[in-house]
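One structure below.
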Amino acid sequence: MARLKDYLETSRAALVDAIAGVDEARVERAIAAITSGLSKDKPLLICGNGGSAADAMHIAGELVGRYLKERRGLKAIALSADPAVLTAWSNDYSYDTVFARQVEALGEKGGVLLAISTSGNSKNVIAAAKAAKKKGMMVVGLTGKGGGQLGPETDILLDVPASQTPLIQQIHICLYHFICSEIEERISRA
């Protein structure tokens, strides 16, 4: 049990660091941008790899379905959720451009891309951010400390003050649950 307690203490310390280190003004800007787009029936496209792909699907599930309130479904699409598109494009072209291709197909001016990468250095997530900007979409990055190469490609960078992938992901879950809650509250009032 001592190892579990140590792990939980490490997690708690990371959350305490996040309380002090996450920029609330940026989080508010991200919530406002996503809410604005969704209110106009513009898509929220979400992408990431591995655990971040699972997070993308989790976020889409909360917004298409519901988080805590009964309300209309929201146009949130996890780009990692379609294995036919992922495997066909990656096989025939490149995994580095698989999300950019989907942004090209599904993105709309006034929509938002939520680009998730714990390192901030995922080539396909960076390519998606560049494609989203070409479509006139806002790009929100959700990363670890510093934002990596993705940081400069975002309009709003939400970089959490952690450098170990599991701790970054734990903070990301807390952060995107808060974002989903706020979006839902604001959409429900509109």
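The set of residues from segment 131-156 being surrounded by fewer than 22 Cβ atoms within 10 Å (Cβ to Cβ), in contact with an Asp or Glu (Cβ under 9 Å, 6 or more places away or on another chain) and under 25 Å from residue 14 (Cα atoms) comprises 145, 146, 147, 148, 151. Every listed requirement among (1) of a type in the set (S, T, N, Q); (2) part of a helix (DSSP H, G or I); (3) out of contact with any Asp or Glu (no Cβ under 9 Å at 6 or more places or on another chain) is met by residue 121 save one, (2). When each of 94, 117, 163 is tested for being of a type in the set (Ser, Thr, Tyr) and touching a Leu at 6+ places or on another chain (Cβ under 6 Å), the lone residue that passes is 117. Does at least one position in segment 148-166 carry a residue that is under 27 Å from residue 71 (Cα atoms), assigned to a helix (DSSP H, G or I) and either under 13 Å from the mean Cα position of the chain (by Cα) or β-branched (Val, Ile, Thr) (or both)? No, that holds for no residue. Name the residues in segment 131-147 that are closer than 30 Å to residue 7 by Cβ, in a strand (DSSP E or B) and touching a Gly at 6+ places or on another chain (Cβ under 9 Å), would you? Those that are closer than 30 Å to residue 7 by Cβ, in a strand (DSSP E or B) and touching a Gly at 6+ places or on another chain (Cβ under 9 Å): 141, 142, 143.
Can you tell me which residues in segment 44-91 are in contact with a Cys (Cβ under 8 Å, 6 or more places away or on another chain), closer than 20 Å to residue 181 by Cα and not in a helix (DSSP H, G or I)? Answer for segment 44-91, where residues must be in contact with a Cys (Cβ under 8 Å, 6 or more places away or on another chain), closer than 20 Å to residue 181 by Cα and not in a helix (DSSP H, G or I): 67, 78. For segment 57-76, the tally of residues that are β-branched (Val, Ile, Thr) and over 20 Å from residue 169 (Cα atoms) stands at 1.
When you scan segment 90-99, do you find a residue that is touching a strand residue (DSSP E or B) at 6+ places or on another chain (Cβ under 6 Å), touching a residue at least 12 places away in the same chain (Cβ under 8 Å) and over 23 Å from residue 10 (Cα atoms), even just one? Taking every residue of segment 90-99 in turn, at least one turns out to be touching a strand residue (DSSP E or B) at 6+ places or on another chain (Cβ under 6 Å), touching a residue at least 12 places away in the same chain (Cβ under 8 Å) and over 23 Å from residue 10 (Cα atoms). For segment 51-66, taking the residues that are at pLDDT 95 or above and more than 13 Å from the chain's Cα centre (by Cα), the one that is surrounded by the most Cβ atoms within 10 Å (Cβ to Cβ) is identified as 64. Taken residue by residue, segment 23-31 has no member that is closer than 22 Å to residue 126 by Cβ, assigned to a loop (DSSP other than H, G, I, E, B), among the hydrophobic types (A, V, I, L, M, F, W, C) and touching a strand residue (DSSP E or B) at 6+ places or on another chain (Cβ under 7 Å).
The values are calculated or read from the model by the stated rules, or taken from the named source; none is laboratory data. All of these numbers come straight from a predicted model, not from anything done at the bench. Please note: Cβ atoms are built from the backbone with ideal geometry, for glycine as well, and neighbour counts cover all protein chains shown.
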